[in-house]
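K.L.:
Have a look at this one before I ask anything.
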Amino acid sequence: MGDMVVQWIALVPHSKKVLGSIPVPVDGGGTFLCGVCMFSPCLHGFSLCTLSSSHHPKTCTDRLIVIVCLYVSFIFHPCRPPGGPGPAQLSPSLAAMSLQSSTPEALRVVNLLQERNLLPPTPIPAPMPCLPQDLQKVNCNPEVFRCTLTSIPQTQSLLNKAKMPLGLLLHPFKDLSQLPVVTSSTIVRCRSCRTYINPFVSFLDQRRWKCNLCYRVNDVPEEFMYNPVSRAYGEPHKRPEVQNATIEFIAPSEYMLRPPQPAVYLFVLDVSHNAVETGYLNVFCQSLLDNINALPGDSRTKVGFITFDSTIHFYNLQEGLSQPQMLIVSDIEDIFLPTPDSLLVNLNECKELVQDLLKNLPNLFQKTMETQSALGSALQAAFKLLSPTGGRMSVFQTQLPNLGVGALQSREDPNQRASAKDIQHLSPATDFYKKLALDCSGQQVAVDLFLLSAQYCDLASLGCISRYSAGSVYYYPSYHHQHNPAQVERFQKDLKRYLTRKIGFEAVMRIRCTKGLSIHTFHGNFFVRSTDLLSLPNVNPDAGFAVQMSIEENLDDMQVVSFQAALLYTSSKGERRIRVHTLCLPVVNSLSDIFAGADVQAITGLLACMAVDRSVTASLSDARDAMTNAAIDSLASYRQSVLTIQQPGLLAPACLRLFPLYILALLKQKAFRTGTSTRLDDRVFAMCQLKYQPLAYAMLMIHPALYRVDDLTDEGALNINERTIPQPRVLQLSVEKLNREGAFLMDTGMIMYLWVGRNCNPNFLTQVLGVPSYTAYLLPDLDTAESQRTRAFIGWLRDQRPFSPTLHIIKDESQLKSSFMQNMIEDRTEAALSYYEFLLHLQQQISK
Amino acid sequence: MEAAVFILSLVDCCALIFLSVYFIITLSDLECDYINARACCSKLNKWVIPEMIGQCLSTMLMLVSMHWFIFLLNLPVAAWNIYRYAKVPMGNMGVFDPTEIHNRGQLKSHMKEAMIKLGYHLLCFFIYLYSMILALIND
């Protein structure tokens, strides 16, 4: 204890220095652009962000409190077990040991300029919060619920000093292999804040429980005292609701505003000349025919079809008709439904008619010469059709809508694609699609957009229709059935997943936090109907969400805080369910503990969302500067507040050592890069994906994983289901690691590239690829050991995610080689710095 | 004549005070979950232009009747209203956008703005009242 006190005394002069003088990089325009401050709610569009006024509103008393907290933190450890019966008590000394053992590794000082190989050989797992063992055992899976800082700061000023964003990244509807489902007549919730009972509540005695979010004491209802699993009475803390952080309830009728809706699917298809040229209609109809029995739903499932070019075509599929009947409405200014029913029909009863229609649909428009597209009117008609019940609308569009309401102009200037300065037109041009999306959201209709175009389509405006109605956007640039078979394959795979994946209807989600924390910004595809209530007409397993939080009141007497995300939805079988995830994290009051608990991938994901918001509301260059400043500020804060010995070089804690690398990857991402020619739609789509995808896939998109696959061995391989899966090392993304004699696999989440070097050893070529007869997209199923290993490894990567990524095998002369090489982020390009130069730039800014 | 100008400005200022109070009440209803974002924003967007017109009317009256000090007092608020209206991005549904109002503390900043305007209008109200009484006495 003595030397700890001495350490504190040595630390105080540093902390005093920090409180007064955090470096503020100033650009020529005179706006202060410090990293985290830019994104904090204190910044109002045009006002200057001055550190003194907005970060330290209370000066002397606040500083005194922080110094006292620092003192207290060295005397009492922050990682103490919570009180109350139930969780076993650890003595403070044991807790001290666990804190000591975790801190050194996470806080190990790394000089980024000297250590070249920072990437660990295997993919990085999420950091574990520093909680007692029994709490951590029941804590929520980090793949579902993750926080940027796994140790929450006690005060807002401490958070501001750490210069890292505080937020949560959720994937609430993820496909889970194990999900406990509880059918209970009473769902136990706190009386004041309505939190669901969770593993982190404390039981005061057998009859009363204390909410961990608002600290109110509630009574345990009589039915809850009986545990059906162990058939014991009097042990409410053994019930599954209190033993599992992720749980699903079957909701009784109080949770329904109306009887659960059936699954309703409406497909809105572009059939202009351009659309028929691309040939997507064949693929779509074939895919739907193949998967028609696998559409999630029950006996009440309904489907409907609308096609449009300059007029809208409806299809009467009434049972009893010998063939589908097409009804054309040409009054697109004032759209109306030609018949009141039988446009949306029960799938089981009218299946033959639907299949008939799908078989004939591509031929119906074979000879069309229509070049105009009245998308706005088609969407309005589709909304009218779906609004009585709600459901899902899938819109397929291949060109810029140029007729009727919602017509868009071509805003992109091809000469500005490679602009080194600001990119214009990232925000919507009209509020028509946003208004329509909000109308849809009110009627529980979600709109998914498939954009298959070669020209500019103003995805920035069109994307609004999905963004606010909880839909998803799929983009296939230059889709053509003959010229671009890669896109065709991707479209087919995506369609299969899209049609058959699990879906939830008329959903709402609420995210609650412990008293003292509040959520101030939301990221993802949904509409925030009121504070903390997210309206999700459809919820699907591929959507991720992020929120940013701030600390409104100091978390003074709390050891842990909890977060709960509750998703109330109607399953495709018409059952009303509630999926509840609860996360518990410790509260700390020293900067070193905050740094020790930083989750660098979550921070990167959240920063990407914030930067997308910033590019749209302010400008792209602002967003780029803010990302760089985020890295500068956090490392500067670490250097000044946590490091006791000042060394030369760029020092970072081990948990943040990959932070500059990820920031550089973000700066070179399609969404944010400047100086390289990027189509505006590609850029906007990349931004949409950064906000929409769950963290795991977003990280693969930002920083792909590179492996060498021509020399796979069984050394260190995994044994799963009697298959040996080789585990090659993750390589750095630099051409230095590439080798003409090798073959390399790059995993970017949705797409995998297998690059074969020019002088690749013939063994690989024959044994794995089957040269000279290899196709560009399939690994042939050869019987050799190398082929088996390669296919086992690639199959293992594919199985880890619910969608199937496409594999491209590229040689040196391939067109896709540029997309492969663009991901080599550690190298210098004409428009961007190499990794080492970026580190030098950061070091220079930090020492200013 | 003077009195008439001030009586008109007083009435205008009363209207602006009521409008500020309406804004504050609607925004706090949204904060407390009594109405949803869309209803709140459509209510408020309806009154953005009348507020601008009222403020500009007051400014013009003062300019025309050559009361420079009060004109200069009114000018910043009128300019700010016009700036706020003009700066709305094309994709937004007006000054109050239901999709953005819960992001980045916009709700709090709108509330603060409405409170400041209320205080300002109250100050103007008393200035007009005083000037009107002065003008009436001098007549």
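The values are calculated or read from the model by the stated rules, or taken from the named source; none is laboratory data. Computed from a predicted structure; not experimentally measured. Don't worry about glycine lacking a Cβ; one is built from the backbone with ideal geometry, like all the others, and counts go over all protein chains shown. In case anyone asks, the SASA skips ligands and DNA or RNA and just uses the protein heavy atoms, side chains included. Shrake-Rupley method; radii C 1.70, N 1.55, O 1.52, S 1.80 Å.
K.L.:
For residue A:359, work out the one condition from (1) without any contact (Cβ under 8 Å) to a residue 40 or more places away in the chain; (2) more than 14 Å from chain B (Cβ to nearest Cβ) it doesn't fulfil.
P.N.:
Checking residue A:359 against (1) without any contact (Cβ under 8 Å) to a residue 40 or more places away in the chain; (2) more than 14 Å from chain B (Cβ to nearest Cβ), the one that fails is (1).
K.L.:
A follow-up question, please. Across the stretch B:65-77, which residue is nearest to the other protein chains (Cβ to nearest Cβ) among those that are free of Cβ contacts under 8 Å to residues at least 24 places away in the same chain and not aromatic (Phe, Trp, Tyr)?
P.N.:
Here is the first cut: in the stretch B:65-77, the ones free of Cβ contacts under 8 Å to residues at least 24 places away in the same chain are B:66, B:68-69, B:71-72, B:75-76.
Narrowing the set further to residues that are not aromatic (Phe, Trp, Tyr) leaves B:66, B:72, B:75-76.
On the way: B:66: 33, B:72: 22, B:75: 19, B:76: 15 Å.
Within the stretch B:65-77, the match that is nearest to the other protein chains (Cβ to nearest Cβ) is B:76.
K.L.:
Moving on. Residues of the stretch A:159-182 being more than 21 Å from the chain's Cα centre (by Cα) and more than 22 Å from residue A:510 (Cβ to Cβ), which ones?
P.N.:
Passing the criteria: A:159, A:160, A:161, A:162, A:163, A:178.
K.L.:
The conditions are (1) among the aliphatic types (A, V, I, L, M); (2) more than 12 Å from chain A (Cβ to nearest Cβ); (3) free of Cβ contacts under 8 Å to residues at least 24 places away in the same chain; (4) part of a helix (DSSP H, G or I), and residue B:82 fails exactly one of them. Which is it?
P.N.:
(3)
K.L.:
For the stretch A:296-312, enumerate the residues that are of a type outside the set (D, E, K, R) and farther than 14 Å from residue A:376 by Cα. Talk me through it step by step, then tell me what you get.
P.N.:
So in the stretch A:296-312, the residues of a type outside the set (D, E, K, R) come out as A:296-297, A:299, A:301, A:303-308, A:310-312.
Correct list: A:296, A:297, A:299, A:301, A:303, A:304, A:305.
K.L.:
Restricting to the stretch A:193-210, give me the number of residues that are part of a loop (DSSP other than H, G, I, E, B), on the phi < 0 side of the Ramachandran plot, surrounded by fewer than 18 Cβ atoms within 10 Å (Cβ to Cβ) and not polar (S, T, N, Q).
P.N.:
At the first step, the residues of the stretch A:193-210 found to be part of a loop (DSSP other than H, G, I, E, B) are A:193-195, A:197-201, A:206-207.
Filter again for on the phi < 0 side of the Ramachandran plot, leaving A:193, A:195, A:197-201, A:206-207.
Among the residues that remain, those that are also surrounded by fewer than 18 Cβ atoms within 10 Å (Cβ to Cβ) are: A:193, A:206-207.
Right, trim to not polar (S, T, N, Q) and you get A:193, A:207.
Qualifying residue count, the stretch A:193-210: 2.
K.L.:
Considering (1) within 14 Å of another protein chain (Cβ to nearest Cβ); (2) open to solvent by less than 60 Å² (accessible area, probe 1.4 Å); (3) in a helix (DSSP H, G or I); (4) not hydrophobic (A, V, I, L, M, F, W, C), say which one residue B:91 fails and leave the rest.
P.N.:
Only one criterion is unmet by residue B:91, namely (3).
K.L.:
Identify, please: which residue in the stretch A:713-727 is touching a residue at least 40 places away in the same chain (Cβ under 8 Å) and either among the charged types (D, E, K, R) or open to solvent by less than 20 Å² (accessible area, probe 1.4 Å) (or both) and is, among those, farthest from residue A:798 (Cα to Cα)?
P.N.:
Across the stretch A:713-727, the extreme among qualifying residues is A:714.
K.L.:
Where in the stretch A:749-848 are there helices (runs of 4 or more DSSP H), lying fully within it, with 3 or more residues that are open to solvent by less than 20 Å² (accessible area, probe 1.4 Å) and either of a type in the set (Gly, Ala, Ser) or in contact (Cβ under 8 Å) with a residue 40 or more places away in the chain (or both)?
P.N.:
Working: elements: A:785-799, A:817-822, A:835-846.
By residue number, A:785-799, A:835-846.
A quick yes/no check of all residues on (1) in contact with a helix residue (DSSP H, G or I) (Cβ under 6 Å, 6 or more places away or on another chain); (2) crowded, with 20+ Cβ neighbours inside 10 Å; (3) over 25 Å from residue A:465 (Cα atoms); (4) not charged (D, E, K, R):
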| site | (1), (2), (3), (4) |
| --- | --- |
| A:346 | no, no, yes, yes |
| A:361 | yes, yes, yes, yes |
| A:387 | no, no, no, yes |
| A:391 | no, yes, no, yes |
| A:405 | yes, no, no, yes |
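K.L.:
Hey, among the residues in the stretch A:427-472 that are aliphatic (A, V, I, L, M) and surrounded by fewer than 21 Cβ atoms within 10 Å (Cβ to Cβ), which one's farthest from the other protein chains (Cβ to nearest Cβ)?
P.N.:
Filtering the stretch A:427-472 for residues aliphatic (A, V, I, L, M) gives A:429, A:436-438, A:445-447, A:449, A:451-452, A:454, A:459-460, A:462, A:465, A:470.
Cutting the leftovers down to surrounded by fewer than 21 Cβ atoms within 10 Å (Cβ to Cβ) gives us A:429, A:454.
Numbers: A:429: 6, A:454: 24 Å.
Here the residue is A:454.
K.L.:
Next question, about the same structure. Open to solvent by 30 Å² or more (accessible area, probe 1.4 Å), closer than 26 Å to residue A:538 by Cα and away from chain B (no Cβ under 14 Å), is that true of residue A:497?
P.N.:
Values: open to solvent by 30 Å² or more (accessible area, probe 1.4 Å): yes; closer than 26 Å to residue A:538 by Cα: yes; away from chain B (no Cβ under 14 Å): yes.
Judged against the criteria, residue A:497 is a match.
K.L.:
Are there any pairs with C-beta distances below 7 angstrom linking a residue in the stretch A:428-455 that is within 11 Å of residue A:469 (Cβ to Cβ) to a residue that is of a type in the set (Lys, Arg) and part of a strand (DSSP E or B), with the two at least 6 apart or on different chains, and if so which?
P.N.:
Pairs found: A:446/A:392; A:448/A:392.
K.L.:
Checking the condition closer than 21 Å to residue A:435 by Cα, acidic (Asp, Glu) and at pLDDT below 95, which residue from A:412, A:352, A:333 passes?
P.N.:
A:333
K.L.:
Of these, A:179, A:213, which one is open to solvent by 40 Å² or more (accessible area, probe 1.4 Å), in contact with a strand residue (DSSP E or B) (Cβ under 8 Å, 6 or more places away or on another chain) and not in a helix (DSSP H, G or I)?
P.N.:
On the way: A:213 fails: open to solvent by 40 Å² or more (accessible area, probe 1.4 Å).
Residue meeting the stated conditions: A:179.
K.L.:
Could you say which residue among A:133, A:114, A:100 is farther than 29 Å from residue A:639 by Cβ and either among the polar types (S, T, N, Q) or modelled with pLDDT under 50 (or both)?
P.N.:
Residue meeting the stated conditions: A:133.
K.L.:
Of everything in the stretch B:2-35, what is farther than 20 Å from residue B:81 by Cβ and either touching a residue at least 40 places away in the same chain (Cβ under 8 Å) or part of a helix (DSSP H, G or I) (or both)? Give them in sequence order. Write out each step before concluding.
P.N.:
Filtering the stretch B:2-35 down to residues farther than 20 Å from residue B:81 by Cβ leaves B:2-7, B:28-35.
Residues satisfying the conditions are B:2, B:3, B:4, B:5, B:6, B:7, B:28, B:29, B:30, B:31.
K.L.:
Restricting to the stretch A:552-564, count the residues that are part of a strand (DSSP E or B) and either open to solvent by less than 10 Å² (accessible area, probe 1.4 Å) or out of contact with any strand residue (DSSP E or B) (no Cβ under 7 Å at 6 or more places or on another chain) (or both). Can you show your working first?
P.N.:
First, pick out the residues of the stretch A:552-564 that are part of a strand (DSSP E or B): A:560-564.
Those still in the list that are either open to solvent by less than 10 Å² (accessible area, probe 1.4 Å) or out of contact with any strand residue (DSSP E or B) (no Cβ under 7 Å at 6 or more places or on another chain) (or both) too: A:561-564.
The total comes to 4.
K.L.:
I want to confirm something. Restricting to the stretch A:500-521 and keeping residues that are assigned to a strand (DSSP E or B) and open to solvent by less than 10 Å² (accessible area, probe 1.4 Å), which single residue is nearest to the other protein chains (Cβ to nearest Cβ)? Spell out how you get there, then give the answer.
P.N.:
From the stretch A:500-521, those assigned to a strand (DSSP E or B) are A:504-513, A:517-521; that's our starting set.
Right, trim to open to solvent by less than 10 Å² (accessible area, probe 1.4 Å) and you get A:504-505, A:507, A:509, A:511, A:521.
Numbers: A:504: 21, A:505: 20, A:507: 16, A:509: 14, A:511: 12, A:521: 5 Å.
The extreme case among them is A:521.
K.L.:
Could you tell me whether residue B:59 is open to solvent by less than 50 Å² (accessible area, probe 1.4 Å), over 23 Å from residue B:121 (Cα atoms) and among the hydroxyl-bearing types (Ser, Thr, Tyr)? Walk me through how you get there before you give the answer.
P.N.:
On the way: open to solvent by less than 50 Å² (accessible area, probe 1.4 Å): yes; over 23 Å from residue B:121 (Cα atoms): no; among the hydroxyl-bearing types (Ser, Thr, Tyr): yes.
Taking the combined requirement at face value, the residue does not satisfy it.
K.L.:
On the basis of being among the β-branched types (Val, Ile, Thr), assigned to a loop (DSSP other than H, G, I, E, B) and closer than 19 Å to residue A:196 by Cβ, does residue A:229 make the cut? Reasoning before the result, please.
P.N.:
Working: among the β-branched types (Val, Ile, Thr): yes; assigned to a loop (DSSP other than H, G, I, E, B): yes; closer than 19 Å to residue A:196 by Cβ: yes.
Considered against the rule, which asks whether it is among the β-branched types (Val, Ile, Thr), assigned to a loop (DSSP other than H, G, I, E, B) and closer than 19 Å to residue A:196 by Cβ, residue A:229 comes out as yes.
K.L.:
Only residues that are assigned to a strand (DSSP E or B) and either within 18 Å of residue A:474 (Cα to Cα) or within 13 Å of another protein chain (Cβ to nearest Cβ) (or both): list them for the stretch A:522-536, please.
P.N.:
Our first condition is that a residue be assigned to a strand (DSSP E or B); within the stretch A:522-536, this holds for A:522-523, A:527-530, A:533-536.
If the condition is that a residue be assigned to a strand (DSSP E or B) and either within 18 Å of residue A:474 (Cα to Cα) or within 13 Å of another protein chain (Cβ to nearest Cβ) (or both), then A:522, A:523, A:527, A:528, A:529, A:530, A:533, A:534, A:535 are the ones that fit.
K.L.:
Another question about this same structure. Which ones in the stretch B:94-139 are of a type in the set (Ser, Thr, Tyr), within 28 Å of residue B:39 (Cβ to Cβ) and more than 13 Å from chain A (Cβ to nearest Cβ)?
P.N.:
Start the filter on the stretch B:94-139 by keeping residues that are of a type in the set (Ser, Thr, Tyr), which leaves B:99, B:109, B:120, B:128, B:130-131.
Of the ones still in play, those that are also within 28 Å of residue B:39 (Cβ to Cβ) are B:99, B:109, B:120.
Hit for the stretch B:94-139 is B:120, nothing else.
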